[in-house]
Structures are given as structure tokens and as C-alpha cells.
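The values are calculated or read from the model by the stated rules, or taken from the named source; none is laboratory data. Just so it is clear, the model here is predicted, and its values are computed rather than measured. Don't worry about glycine lacking a Cβ; one is built from the backbone with ideal geometry, like all the others, and counts go over all protein chains shown. Areas reflect the complete protein model, heavy atoms only, side chains present, ligands, DNA and RNA absent. Shrake-Rupley method; radii C 1.70, N 1.55, O 1.52, S 1.80 Å.
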Amino acid sequence: MKHSFKQHTLTAAVALALCTGAHAAVFVQCPGDTDGDALWNSPGETPPATPTKCMHLTAGDGFAVMPDGHPMYTFGFSDRTGTPANQAISKGILGAHWPGPKIELEEDQEFYLSLTNVGTVMRPDLFDGHSVHFHGFPNAASVFDGVPELSFAINQGSTVTYYYNLKDPGTYIYHCHVEATEHMEMGMLANLYVHPKQDRTGCENGSCPVAKRQGGAAGAPLGYAYNDNDGTTAYDVEAPLQVSGFDSDFHDAHIQVQPLPFAALEGDYPQINGRGYPDTVKADLAMSPPKDDGFLGSPGAVLNNGEIAQNMSSLITVNKGQRLLLRLSNVSIDRFFTLTAPGLTMKIVGAGARLMRGTDGKNLYQETASVNFGGGETHDVIVETANVAPGTYFLHAAELHQMSNKTQMDGGLITEIVVN
């Protein structure tokens with residue numbers, strides 16, 4: 001198997017070199033950064049006077065491993081911020097993460113996001129472009145929206161920098177919008193959220209303090225979900241949870257260069273943050289070795305150049321009395337999901353990256369025992385633990401068949417919330 005990977009890698013590397021030139025390097029645009037690593041850490045580099053963040057992502061292919069050992073061929077993003085520009089392509093090849101790197105931003109920041117397409121090494125017959133679609137974000141210009149029909153796609157070996165002026169806090173997702181159903185099913189999806197200005201300023205009317213994450217005093221909350229001006233979206237622990245599901249027939253057909261079963265899409269590996277239970281709660285982020293399914297895995301096979309592709313745990317730990325913010329997003333292509341947490345009360349304070357508040361200023365928060373949402377939807381949920389007994393609580397799908405790793409029961413959409 002290792003030999004096979006090298007053959008594919010060599011073929012794709014040659015193709016990429018022919019397309020881009022043997023000495024091609026990426027062009028990362030980040031104001032004040034002179035060496036193309038999207039950071040201001042070299043002599044003479046200074047960040048702009050206005051709050052600014054830069055990131056550099058690569059887009060390509062890789063593998064994820066399911067809890068039962070089944071290796072899954074994926075497309076995805078990986079974070080190459082800090083990588084020298086002339087090494088970004090080689091580092092990004094076969095480096096797709098699932099889900100993609102979390103993007104955490106601040107209101108009033110300017111954000112420069114460079115994306116390099118490193119190609120699909122295991123499918124050298126493909127020449128797919130990629131993009132970043134900031135799902136739900138009100139872009140001033142469609143050119144940075146990532147929808148290829150309205151803007152552009154980034155070809156293999158090329159780099160483009162997106163620009164965002166962040167004025168709308170909330171929980172979003174981002175994904176590739178090129179051949180959207182295929183690329184999203186393959187894994188080009190990730191968490192993205194924007195913290196509100198209230199974290200830095202406290203409530204304008206003085207009713208809530210500056211948040212701890214912005215230097216607030218002891219006793220202040222860690223942060224706020226929105227500019228609520230009454231402190232009702234304050235939280236002490238923050239947990240982004242992205243629910244999804246892979247259809248193994250679709251992914252297996254892809255790596256075997258077979259027709260893709262779009263009409264029959266049905267996720268049989270439900271996941272939270274790219275893992276099925278019990279991998280969702282593992283402290284050790286290393287995944288199990290892939291099993292030999294006849295076409296991919298073999299004993300000792302090394303996937304993703306040894307990088308950990310699924311590096312987001314979903315285990316949540318809070319102390320009794322703390323407020324937990326769940327940033328929930330559903331990125332499934334074919335499923336609604338209903339999440340419930342028996343023993344805990346959930347309060348939805350935001351949906352679709354908007355504070356739930358009426359035009360008359362009344363809070364429209366909703367206390368609920370479960371959250372039902374479809375693909376592309378996000379919810380911000382506060383869980384109070386002041387009147388909760390210490391212990392371990394399960395956050396899980398309400399439908400039994402979604403708590404499985406294909407034929408393996410007690411898996412899938414389950415994670416744990418530990419109240420100390």
C-alpha cells in the first residue's frame with residue numbers, strides 16, 4: 001500500500017509540476033508579511049495598524065479513518081499558516097484534514113485567507129478547482145463568495161487570497177463551493193465563527209463586563225455569543241460541534257474511480273467534528289490504524305503522510321455552575337439531525353449567525369430538550385449547569401440508527417459532557 005501511495009504521489013507531483021512550473025511557489029497576500037508565511041514573525045515584519053488576521057490553507061485530498069477502522073478517501077483543507085511559501089504545496093499534498101481547520105475570528109478584524117490548490121494526488125485524473133465559501137456571511141462583493149458561477153475557482157497549483165471585513169458575529173461554516181455536492185460530501189467543510197465586539201467592550205449600557213478572553217477580570221464570563229447588551233449570551237466554556245455523515249459507498253467509489261452514486265447518497269458514518277463515537281471523546285487524537293478493506297488499507301499503511309487528519313475532539317468538560325456555549329452546525333449533504341442531551345436543558349440563543357431577538361428588543365430564546373437542524377444550518381445553544389448534578393451526560397442523536405458506525409452500534413453521533 002505504501003508503494004501504491006508513492007506511485008500516485010509521483011504521478012500527481014509530475015502533473016502538478018507540468019501545470020505550475022518546477023519551481024512554482026505560492027503567493028500569499030498578507031499586509032506586512034514579507035516572506036509569505038501569513039505571519040509577522042520575521043525581522044522587519046509588522047502587522048497593520050488595524051486589527052488583521054491572515055491564514056493560509058491548502059486544498060487537496062487525503063484520508064480519514066472511521067472508528068471501525070474503515071479508511072475513507074477525502075477531499076479537504078489543511079492549515080499551512082507559518083509554512084514557508086516554497087514548502088506549502090509539498091506540505092499540503094495528501095494533507096487534507098477532516099473537518100477542515102477551525103477559523104476563529106473577531107468582529108472588526110480584517111481577514112486575509114489565502115487558499116492554495118495542491119491537487120488530488122490519489123485521483124491524478126482529476127483537475128478540479130476549489131474555493132472557500134463563507135456560508136451565510138454577508139459579503140459586500142460576490143467575488144469573495146467562493147461560488148464559482150459568481151466569482152471564480154482556484155486551479156491546481158494556484159493561490160488566491162480572499163478578503164473579509166468582519167462586521168457580523170456568529171457561528172458560520174465554510175466549504176468548497178466547486179462541484180458542491182461532491183466536494184462537500186468528500187469533506188471540504190469546517191467550523192468558522194466570529195466573536196462579538198462585546199467581548200472587548202462589555203455591554204454598552206454597562207450591565208456586563210469585558211470578557212476574560214479579552215482581558216476581563218476574575219468573575220467575568222469567558223465570552224459572549226453575540227452583542228446582546230444584557231449579558232444573556234455569556235458563557236464560560238465554548239465548544240464548536242459540527243455534525244455530519246459520510247456515505248462509505250460514495251467515498252469508496254471515488255477512490256476506485258467509479259461512477260459516483262449521487263442519487264443514492266445516504267450517510268452511514270454519522271460523525272461529530274469528523275469522528276464517530278467513541279473516537280469523539282478520545283483524549284489521544286491519534287486515530288486507529290486503517291484495516292485492510294481490499295483496496296486501501298494494509299498492515300502498517302501510513303495515511304496522510306503521518307499527519308493526524310482528524311484532530312478535533314468533541315469531549316466537553318465544565319465545572320458545575322458554568323455556562324456552556326455549543327456552536328452547533330450541520331454540514332450533512334443528505335440528513336437532518338436532532339441532537340438531545342438528557343438531563344440538561346438547552347437554550348437556543350442564536351440561529352443562522354443571528355441573535356434571536358425581536359424587532360422590539362425582546363429576547364426570543366428557546367428552551368428545548370432537542371435541536372433539530374438541516375444541512376447548512378447553525379445554532380448557538382447555552383447549557384446552564386448551576387442546577388445539574390456532577391456526572392457525565394451524553395449529547396447524542398435522537399434517532400437510533402444515527403448512533404452507529406455503519407454496522408457497529410453505540411457509535412456515530414454521540415459525545416460526552418462531563419460536569420465536575
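A few remarks follow.
- Solvent-accessible surface (1.4 Å probe) assigned to residue 269 amounts to roughly 10 Å².
- Its Cα gyration tensor gives the chain an equivalent ellipsoid; the semi-axes, largest first and in whole Å, are 35, 28, 18.
- Solvent-accessible surface (1.4 Å probe) assigned to residue 291 amounts to roughly 90 Å².
- Alpha carbon centroid spacing (whole Å) that separates segment 216-258 from segment 52-72: 17 Å
- Model label points for residue 420 and residue 370, set 7 angstrom from Cα along the Cα-to-Cβ axis, are 3.3 nm apart.
- q = 0.23 Å⁻¹, segment 154-207: log10 I(q)/I(0) [Debye, one scatterer per Cα]: -1.03
- Rg/Rh, computed from the Cα trace of segment 234-289 with Rh as the Kirkwood radius, has the value 1.12.
- Over the chain, dividing the summed -39,500 (n - 2.57) contributions of all DSSP H runs of at least 4 residues by the number of residues returns a 222 nm mean residue ellipticity of -2500 deg cm²/dmol.
- Radius of gyration, Dmax [segment 77-225; alpha carbons; angstrom]: 17.8, 60
- Average accessible surface area per residue within segment 171-303, 1.4 Å rolling probe, Å²: 36 Å²
- Between residue 68 and residue 147, the simple spin-label model (points 7 angstrom out along Cα→Cβ) gives 3.8 nm.
- Paramagnetic reach from residue 108 (point 7 Å along Cα→Cβ, amide N under 14 Å) across segment 190-212: 195-204, 210-211
- Straight-distance crosslink candidates among lysines, where the alpha carbon sits under 28 Å from residue 91 and sequence neighbours closer than 8 are dropped: 2, 6, 53, 102, 282, 291
- Residue list for segment 207-243, given a label point 7 angstrom along the Cα-to-Cβ vector of residue 345 and an amide N cut-off under 18 Å: 232-236
- The apolar share of the surface of segment 88-219, taken as the fraction of accessible area on carbon and sulfur atoms (1.4 Å probe, ligands and nucleic acids excluded), comes to 50 percent.
- Label-point gap, in nm, between residue 392 and residue 140 - each point 7 angstrom along Cα→Cβ: 5.0 nm
- Against the criterion of solvent-accessible heavy-atom surface with a 1.4 angstrom probe, 268, 380 sort, most first, into 268, 380.
- Long-range HN-HN contacts of residue 412 with modeled amide H, under 5 Å: 277, 404, 405
- The portion of the accessible surface of segment 342-420 made up by carbon and sulfur, rounded to a whole percent, is 52 (1.4 Å probe; DNA, RNA and ligands excluded).
- The alpha-carbon atoms of segment 287-420, seen along their principal axes, cover 61, 34, 29 angstrom, with the largest extent given first.
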